[in-house]
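Peer 1: Here it is, the structure, as structure tokens.
The values are calculated or read from the model by the stated rules, or taken from the named source; none is laboratory data. Please read these numbers as outputs of a predicted model, since none were measured by experiment. Note that we place each Cβ from the backbone using ideal geometry, even for glycine, and neighbour counts take in every protein chain shown.
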Amino acid sequence: MNAAAGERLSRRIKGGRKYFFEDPATDALLASLLKLMAEHWVVRERLMSLETLVLRKGLASREEIDGFEPDAEQAAEWAAANGELIRKVLSPFEELGEEGKE
């Protein structure tokens, strides 16, 4: 089932959300932490793969990689990606807030 542009699909279980902890905020914190850990590992694994390939092929030295500074356009793109990561990691708290409005 596809949602129309801008619509958000509900991730709630019929009959209400089941909590693991007494305080729903603790569940949100745990979900947020797990999302962050998963995101971090994916990025770290890809970074290690890319660095290995770059170094093996002699495309850059370790010093060049460590000293790299993005240009203004890259910095802006990276800032936008950072904002998306923050939104994704903190989404359990947004969902918690939506449940409180019901």
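Peer 1: Given the conditions (1) part of a helix (DSSP H, G or I); (2) surrounded by 11 or more Cβ atoms within 10 Å (Cβ to Cβ); (3) not polar (S, T, N, Q), report the number of the one that F21 does not fulfil.
Peer 2: With respect to (1) part of a helix (DSSP H, G or I); (2) surrounded by 11 or more Cβ atoms within 10 Å (Cβ to Cβ); (3) not polar (S, T, N, Q), F21 is out only on (1).
Peer 1: Evaluate the following for S32: is it closer than 23 Å to N82 by Cα and modelled with pLDDT of 90 or more?
Peer 2: no
Peer 1: Working carefully through the options A60, A38, A75, find the one that is surrounded by 10 or more Cβ atoms within 10 Å (Cβ to Cβ), modelled with pLDDT of 90 or more and not in a helix (DSSP H, G or I).
Peer 2: Answer to the selection: A60.
Peer 1: Would you check which residues across the range 41-57 are among the acidic types (D, E) and surrounded by 11 or more Cβ atoms within 10 Å (Cβ to Cβ) and list them?
Peer 2: Answer for the range 41-57, where residues must be among the acidic types (D, E) and surrounded by 11 or more Cβ atoms within 10 Å (Cβ to Cβ): just E51.
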